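Trainee: Quick one: the structure is below, questions incoming.
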Amino acid sequence: MAVPTREKIAAGEAQIMALAKAGQRDKARDQLIELTVACAQGGDMVSANRLRDLLYEVDPMALREIIKVNELIEQAMSGAVDENFNLAWAGLREVLTREEFLGLYHALEMHEVVQGKTVVQFGSKLDAIFLVNKGSLNIVCRAGEKSIVCKVLEPGSLISENCFQPSLWTLALVTLSPSSLGVLRLERLVELEGSFPGIESKLRHYYDKFNDVPRLLQEQNINRRMFTRFRADSKVSFQVLDKEGKPDERAFKGELHTISRGGLAFLLRIVKKENRRMIFGRRLVITVPLASGALKFTGTVVAVTLHDPQEHDYSIHVAFAQPVQEDSIRPLILPDLEPLEEHEHIEEEQDHAAGSTPEG
């Protein structure tokens, strides 16, 4: 059975809630059950589970119907998991509950990809997690002007650079052999988190446990940074630029903590996690006040990374459109400090990716 489209689900849900509000509870319940079953039989388990929970709100006394819907969802979920997926993700099954694992499987887009296909390009904004079910992929890194393979992803590996936190892809993914990939889009991850609170954190921890790319780069003495990065400590203010390059009237405050000829990073307090993506990809004009006069820099936000979870502080990484002269940033560099080591998120990577076309 074909899964109902998101538009059809939204329209049906709106009609159901209108019926419930008008006191037509039985009709609302029956339509909700029909829509829930259609989602389950069509493989959209995230929507099916969410709509099933809505039954408790529409008709909390319909226990028999709720039990029946639960059984139908369980049957649909348990009977449709591909054997290769089960084999590849045995380790992930130990981390997730059975319901979470099944929900994840049904939230994925499955793709069969030929050998030698570029799945993600440098500089992409594609906000998705890739799960390797079968085959293998090369992780390609930039080292100066060269592209090198720094790791091979095998079945049971997952990778993302713009889903758990906003960031341009500083890596490229290329299939080494014909591959079967599961793609979890950001919007589906948000839906999963709504159905299974904590699943995003579990996936992130699983990814962090096996993500050894930074260590491999260090061991191979591969430096992806074009310019030396220095510690800084200054108050800054910034304004968002519109498409014409005109700054917004509102100015926001932050704290500069690193700078190089190619970009800078400053700390910004963001209380609501979902607001991180509002600044990602935006062009900013950043003002740093000095006794001798203010310095201004213009650049694009290429990553938003968590710095201090208790204080809700995020590091905003900005790439300059053009490298600046070292003399212009020297007043901001803290004295008597060695240059910082290579970091996972690189402001200058934007320059490397200038010729790439982001997916999605």
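Trainee: In the range 143-170, which residues are surrounded by 21 or more Cβ atoms within 10 Å (Cβ to Cβ) and within 14 Å of the chain's Cα centre (by Cα)?
Mentor: Across the range 143-170, the qualifying residues are 159, 160, 161, 162, 163, 166, 167, 168, 169, 170.
Trainee: If you go through the range 64-107, how many residues are surrounded by 12 or more Cβ atoms within 10 Å (Cβ to Cβ) and out of contact with any Lys or Arg (no Cβ under 8 Å at 6 or more places or on another chain)?
Mentor: 21
Trainee: Which condition number does residue 292 fail, the rest of (1) loosely packed, with under 14 Cβ neighbours inside 10 Å; (2) at pLDDT 85 or above; (3) hydroxyl-bearing (Ser, Thr, Tyr) being met?
Mentor: (2)
Trainee: Let me ask you something else. Can you confirm whether residue 110 is under 25 Å from residue 190 (Cα atoms) and touching a Ser or Thr at 6+ places or on another chain (Cβ under 9 Å)?
Mentor: When the stated conditions are applied, residue 110 passes them.
Every residue, every condition in (1) among the basic types (Lys, Arg); (2) assigned by TED's automatic domain parsing to the domain that holds residue 148; (3) outside any helix (DSSP H, G or I); (4) in contact (Cβ under 8 Å) with a residue 40 or more places away in the chain, yes or no:
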site	(1), (2), (3), (4)
193	no, yes, no, no
203	no, yes, no, yes
206	no, yes, no, yes
209	yes, yes, no, no
214	no, yes, no, yes
237	no, no, yes, yes
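Trainee: Identify the residue in the range 242-296 that is part of a strand (DSSP E or B) and of a type in the set (D, E, K, R) and, among all such residues, is nearest to residue 335 (Cα to Cα).
Mentor: 255
Trainee: Quick check on residue 36: is it hydroxyl-bearing (Ser, Thr, Tyr) and surrounded by fewer than 15 Cβ atoms within 10 Å (Cβ to Cβ)?
Mentor: no
Trainee: Where residues in the range 259-289 are charged (D, E, K, R) and modelled with pLDDT of 90 or more, which of them is surrounded by the fewest Cβ atoms within 10 Å (Cβ to Cβ)? Steps first, please.
Mentor: First pass over the range 259-289, keeping only residues charged (D, E, K, R): 261, 269, 272-274, 276-277, 282-283.
When the remaining residues are screened for being modelled with pLDDT of 90 or more, the result is 261, 269, 282-283.
Details: 261: 20, 269: 14, 282: 16, 283: 17.
That would be 269.
Trainee: Could you please let me know if residue 140 is surrounded by fewer than 20 Cβ atoms within 10 Å (Cβ to Cβ), among the aliphatic types (A, V, I, L, M) and under 20 Å from the mean Cα position of the chain (by Cα)?
Mentor: When the stated conditions are applied, residue 140 passes them.
Trainee: Evaluate the range 66-87: report whether one residue or more is at pLDDT 90 or above and under 24 Å from residue 177 (Cβ atoms).
Mentor: No: zero hits.
Trainee: For a quick check of your reading: which helices (runs of 4 or more DSSP H) sit entirely within the range 1-66 and have at least 2 residues that are touching a helix residue (DSSP H, G or I) at 6+ places or on another chain (Cβ under 6 Å) and touching a residue at least 60 places away in the same chain (Cβ under 8 Å)? Quick ask: steps written out before the conclusion?
Mentor: Details: elements: 6-21, 25-41, 45-58.
The helices (runs of 4 or more DSSP H) meeting that bar are 45-58.
Trainee: Ok, one more. Here is a check on your reading of the model: is residue 180 under 23 Å from the mean Cα position of the chain (by Cα), assigned by TED's automatic domain parsing to the domain that holds residue 107 and surrounded by fewer than 17 Cβ atoms within 10 Å (Cβ to Cβ)? Steps first, answer last, please.
Mentor: Numbers: under 23 Å from the mean Cα position of the chain (by Cα): yes; assigned by TED's automatic domain parsing to the domain that holds residue 107: yes; surrounded by fewer than 17 Cβ atoms within 10 Å (Cβ to Cβ): no.
No, not satisfied.
Trainee: Given the structure, is residue 230 under 21 Å from residue 306 (Cβ atoms), in contact with a strand residue (DSSP E or B) (Cβ under 7 Å, 6 or more places away or on another chain) and surrounded by 12 or more Cβ atoms within 10 Å (Cβ to Cβ)?
Mentor: When the stated conditions are applied, residue 230 does not pass them.
The values are calculated or read from the model by the stated rules, or taken from the named source; none is laboratory data. In this text the structure is predicted, and so the values were computed from the model without any measurement. Using ideal geometry, Cβ is built from the backbone for each residue, glycine included, and neighbour counts are taken over all protein chains shown.
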